[in-house]
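The structure under discussion appears below in the form of structure tokens.
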Amino acid sequence: MSGRPEHPGVPEDPSARVIPRRGVRALCARLRNEGKRIVFTNGCFDLLHAGHAQYLRRAAALGDVLLVGLNSDASVRRLKGEGRPVQRAADRAYLLASLSCVSYVTIFPEDTPARLIGEVVPHVLVKGGDWKGKEIVGSDVVRAHGGAVKTIRFLPGRSTTSILARAADLRRKGRGSSGGRTGTSRSARAS
């Protein structure tokens, strides 16, 4: 079955743009043969938010194709700790692939994308502004092949960690004032 919509005006199924890891090298070879400029970025993308959307849109503008390397569930757990990821990799990949600026998504099990970057060999490697001045994993491979390494500033105040902290704070406040319940009190419901 092709990824084409069955009805005009209905976008293709985003899962068609989630590429198995074993297919990445062939995909990138085909894109290069077509003269496409490949941009690569990676991350956990645990809770997709406006900061992610803006970052990915700006990354996509640096080339013709944006390939996102997505940390696997086990990798996120090792990097972020117990309780993470909030969403499983298949769901995170589907959400990313649903964004019009994202061309392809692939899931990698390692803690860093070094091996994946060696398979992709992107024209442009992009990381968030928090990496500015730091050694970006894979930058040596990209530069050795004549590529560029760019950092993009994040939208201030947007992060998965801050969203989770606010949600936990709201949950704690909700428990303290009404025992975790919303709406009418028990005595009001009884009457």
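Coordinate-derived values only; no laboratory data. In this text the structure is predicted, and so the values were computed from the model without any measurement. We place every Cβ from the backbone using ideal geometry, glycine too, and count neighbours over all the protein chains shown.
Among 136-143, 91-98, sorting by the average number of other beta carbon atoms lying within 10 angstrom of each residue, highest first, gives 91-98, 136-143. A straight Cα-to-Cα reach below 19 Å connects LYS127 with the aspartates and glutamates ASP46, ASP64, GLU110, ASP111, GLU119, GLU135, ASP140, residues fewer than 8 places away in its own chain not being considered.
Report the relative contact order of segment 1-154, percent, no decimals, based on alpha-carbon pairs under 8 angstrom and at least 6 residues apart. For segment 1-154, the relative contact order is 26 percent. Beyond 30 Å in Cα-Cα separation lie the following of the pairs LYS80/LYS134; LYS80/LYS150; LYS134/LYS173: LYS134/LYS173. Among residues other than LEU66 whose Cβ falls under 12 Å from its Cβ, what is the net charge (Lys/Arg +1, Asp/Glu -1)? Charge balance near LEU66 sits at +4.
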